[in-house]
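Have a look at the structure below before the remarks.
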Amino acid sequence: MNKHLIHPKYRPDIDGLRAIAILSVVVFHVFPEYLRGGFIGVDVFFVISGYLISTIIFESLDKGTFSFSEFYARRIRRIFPALISVLFASVILGWFVLLADEYKQLGKHIAFGSGFFSNIVLWREAGYFDNLAETKPLLHLWSLGVEEQFYAVWPLLLWLAWKSKFNLFKITILAAILSFVLNLLGVKEDAVSTFYLPQTRFWELLSGSVLSWFFLHKKYLFNQSNSNASFPNVALNFISFVGILLLLYGFFRINKGLSFPGKWALVPVLGSVLIIYSGQNAWFNRVILSNKIAVWFGKVSFPLYLWHWPLLSFSRIYLGEIPAESIRIAIVIFSIFLAWLTCEFIERKFRFGNKSKEKLAILVALMAIIGTVGFSIYRNDGLPTRPYNQKLAPYKDSMKVSDKKVRCFDIPYAYKKEGNWFCGLGRKGEPVNYFAYGDSHALSLLPALERFANDYHVGVNFTGTSGCPSLLGIQSMRGDSDLEKFNCKALNEKVFNFVKTEGIKNVVLISRWTYYMGSVSRPLEINLIAKDEKHPFNRERCFVGNAKHSGSI
C-alpha cells in the first residue's frame with residue numbers, strides 16, 4: 001500500500017478568508033490612512049496556514065502515513081514557483097533603478113529570502129541607521145521566513161511526540177502558551193525582536209494547529225451535525241459574526257504606533273480562529289466568504305502578496321517620493337494581473353501533473369541559483385560599475401564633508417548670533433534661493449546641497465543643531481537641560497523670520513522625523529515637549545499637536 005499525506009477537505013470560505021487577509025494588507029500598503037491596521041492580514045494568514053498544515057500532519061500521523069520527504073516536497077512546490085519569479089524580477093528591476101548600496105542590500109535580502117531567513121536579517125538591520133521600510137523591496141518576506149521556520153521544526157516535534165506516545169494536543173497547547181508568553185514579555189523589552197523572531201510568532205500558527213486538532217477529533221462546542229438543515233445553527237452563525245467583528249475592529253483600531261504583536265495580536269488571531277471554527281455553512285462563511293470573487297482572490301493571495309510590495313517599493317525608490325494615488329492604484333491592478341499569470345502559468349505547471357521529481361529538482365536548483373546571484377551582488381558591493389550607478393558617480397565622489405562645514409552646521413548658540421550663524425553654500429555672489437536646516441541627519445545631505453549649489457549656480461544657506469527638528473513651536477527634552485546651547489524653539493523662529501525677511505522662497509526641512517514622533521522600530525522615542533502657554537506639558541497632547549503642526553508646515 002502506498003502511503004501518502006492526506007489532503008484536507010477543501011473549504012471555499014477559507015479561500016475567502018485569505019482574500020480578506022491579502023486585500024487588507026494591500027490596502028494598508030497603498031492607502032494606510034484608510035486602513036491603519038491592515039497589516040494584521042499577515043496574522044490571519046498565520047492562523048490559516050497553521051490550521052491547514054497541522055491538519056495534514058495530525059491526520060497523517062493518526063493514519064501512519066506521514067512522510068517528511070513528501071511534506072517538504074509539497075512545501076517546495078507550493079512556495080518556490082512564485083517566490084523564484086518575484087526574486088528574479090527583483091534582480092532585474094534592481095539592476096536598472098537601484099544605486100550600488102541599495103542593490104547590495106537587495107542582494108543580501110535575496111540571498112536570505114531564498115533560504116527563508118528574511119525575518120532574521122531584517123531584525124539585525126533594524127536600528128539607528130536602518131533604511132525606510134518603503135525602500136526595502138523584499139521587506140514582506142519576513143512573514144514567509146517565520147512560516148517556513150515553523151514548518152522546519154513543528155513536523156519534527158510532532159513526529160517525535162507521536163513516536164513517544166505523547167499527547168499531541170497537550171504538546172500543541174504547551175508550545176502555543178510558551179510562545180504567547182514570550183511574545184507578551186518580549187514586546188515590552190524589544191518590540192522589534194518580538195515582531196520579527198519566530199519564537200514570539202509561533203503561537204499564531206499554533207492557534208490554527210489547536211483548531212485543527214479540535215476538528216479532527218470532533219471536539220465541537222456546538223453540534224455541527226445539523227449545519228445543513230434549513231435553519232442553520234444560530235450559535236455557529238454568532239461565532240462567525242463575532243470573528244468578523246474582531247477583524248474589523250483590528251483593521252480600524254490597531255495601528256503601527258501600538259506595541260505589536262503583544263496582546264493586540266490576539267484580535268486578528270482570535271477572529272480568524274472563530275471564523276474557521278464556525279464552519280463553511282455559517283451564513284457569513286457560506287454567502288460572503290464563499291462567493292466566487294472572494295474565492296478567486298484567495299486562490300491568488302500568495303503571489304499577490306509577493307508581487308505587490310516590491311512593485312510599490314521600487315516605484316517609491318525610483319520616484320524619490322510616495323507615488324501618486326493613480327500610480328499606486330495602477331500598481332495594484334498590475335500586481336493582481338501578475339498574481340493571476342503566476343498562478344495560471346507558473347504555479348500550476350510545477351504543483352500539478354507528472355514528472356514531479358524532475359520539477360522538484362528544477363525548483364530547488366533555480367532557488368539555489370537565485371540565492372547565489374543575490375549573494376554575489378552583495379559580495380560585490382551592489383555592482384557599482386552598472387550604467388545606472390555610474391550616472392551618479394560624480395556626486396558620490398564629492399560626498400565628503402569638510403571640518404569647516406561641520407563646524408558651520410552645529411554652531412553653539414546659533415540662535416543668539418547676529419553673524420556667521422549659518423553656512424553659505426555655492427559660489428560667492430550667487431543669489432540665495434534656498435535655506436536648508438534641521439537636526440544632525442541634515443548633515444548627511446550637506447555634500448549634495450553643496451554640489452547642487454555649485455552645479456546650478458544658486459546660493460544655499462545651511463544650518464541646524466543636533467536633536468533639533470526643523471519645526472516651529474517645539475523644544476527638545478534635551479534642550480530643557482541646556483537651553484543656552486540647544487534652544488530649538490528660538491533657532492527655528494530665527495530661521496523662519498530670516499526666510500521671511502530675505503524673501504527666500506525655497507526652504508528644505510531635514511530631520512529624522514520618526515525619532516521625535518515614535519516609530520515601529522523605536523516606538524518609545526517621543527522626544528518632544530510643547531512650549532505652548534495654553535496647554536500643560538503633556539506627552540500625549542504634544543504628540544497629536546506636533547503631528548498637526550508638521551502637517552501645516
Worksheet entry | Selection from region 48-82 of residues that are of a type in the set (Val, Ile, Thr) and within 19 Å of Leu157 (Cα to Cα) | Ile53, Thr55, Ile56, Ile57, Thr65
Worksheet item: Has region 459-469 got at least one residue that is at pLDDT 85 or above and surrounded by fewer than 17 Cβ atoms within 10 Å (Cβ to Cβ)?
Response: no
Worksheet item: Looking at Ala453, Ala436, which one is at pLDDT 85 or above, in the same structural domain as Ser511 (by TED's automatic domain parsing), part of a helix (DSSP H, G or I) and surrounded by 18 or more Cβ atoms within 10 Å (Cβ to Cβ)?
Response: Ala453
Item to complete: Specify the residue that is surrounded by the fewest Cβ atoms within 10 Å (Cβ to Cβ); the eligible residues are those in region 155-198 that are in a helix (DSSP H, G or I) and polar (S, T, N, Q).
Response: Ser193
Worksheet item: From the list Ile76, Ile57, Ile22, which residue is in contact with a Phe, Trp or Tyr (Cβ under 8 Å, 6 or more places away or on another chain) and over 25 Å from Val287 (Cα atoms)?
Response: Ile57
Practice prompt. Would you point out the residue of region 235-257, among those that are part of a helix (DSSP H, G or I) and polar (S, T, N, Q), that is nearest to Gly271 (Cα to Cα)?
Written response: Ser240
Worksheet item: Which number in (1) surrounded by 15 or more Cβ atoms within 10 Å (Cβ to Cβ); (2) in contact with a Ser or Thr (Cβ under 8 Å, 6 or more places away or on another chain) marks the one condition that Val121 misses?
Response: (2)
Discussion item. Just to check your reading of the model, which residue among Arg75, Arg18 is closer than 18 Å to Ala368 by Cβ and in a helix (DSSP H, G or I)?
Written reply: Arg75
Item to complete: May I ask you to verify whether Ile76 is surrounded by fewer than 20 Cβ atoms within 10 Å (Cβ to Cβ) and without any contact (Cβ under 8 Å) to a residue 40 or more places away in the chain?
Response: no
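A quick yes/no check of all residues on (1) outside the structural domain of Leu185 (by TED's automatic domain parsing); (2) in contact with a Leu (Cβ under 6 Å, 6 or more places away or on another chain); (3) among the small types (Gly, Ala, Ser); (4) at pLDDT below 95:
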{"site": "Ala235", "(1), (2), (3), (4)": "no, no, yes, yes"}
{"site": "Ser240", "(1), (2), (3), (4)": "no, no, yes, no"}
{"site": "Gly243", "(1), (2), (3), (4)": "no, yes, yes, no"}
{"site": "Phe260", "(1), (2), (3), (4)": "no, no, no, yes"}
{"site": "Lys292", "(1), (2), (3), (4)": "no, no, no, no"}
{"site": "Lys299", "(1), (2), (3), (4)": "no, no, no, no"}
{"site": "Phe302", "(1), (2), (3), (4)": "no, no, no, no"}
Practice prompt. Inspect all residues belonging to region 375-389 and state whether any of them is surrounded by fewer than 19 Cβ atoms within 10 Å (Cβ to Cβ), under 28 Å from Tyr72 (Cα atoms), touching a residue at least 12 places away in the same chain (Cβ under 8 Å) and more than 27 Å from the chain's Cα centre (by Cα).
Written response: no
Worksheet item: How many residues, within region 98-111, are buried (at least 24 other Cβ atoms within 10 Å of the Cβ), hydrophobic (A, V, I, L, M, F, W, C) and in a helix (DSSP H, G or I)?
Response: 2
Item to complete: Could you name every one of the helices (runs of 4 or more DSSP H) located completely within region 281-355 that has at least 2 residues being within 22 Å of the chain's Cα centre (by Cα) and not acidic (Asp, Glu)?
Response: 292-299, 301-319, 325-342
Discussion item. Condition first: under 23 Å from Glu134 (Cα atoms) and at pLDDT below 60. Can you find one or more residues in region 474-494 that meet it?
Written reply: no
Worksheet entry | Condition met for Val86 (assigned by TED's automatic domain parsing to the domain that holds Tyr196, under 27 Å from Trp283 (Cβ atoms) and modelled with pLDDT of 95 or more) | no
Worksheet, complete the sentence: Picked from region 121-179 (must be polar (S, T, N, Q) and within 13 Å of the chain's Cα centre (by Cα)), the residue modelled with the lowest pLDDT is Asn131
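The values are calculated or read from the model by the stated rules, or taken from the named source; none is laboratory data. This one's a predicted model, so the numbers in the text were calculated from it and none came from an experiment. With ideal geometry, Cβ positions are generated from the backbone for all residues, glycine too; neighbour counts draw on all protein chains shown.
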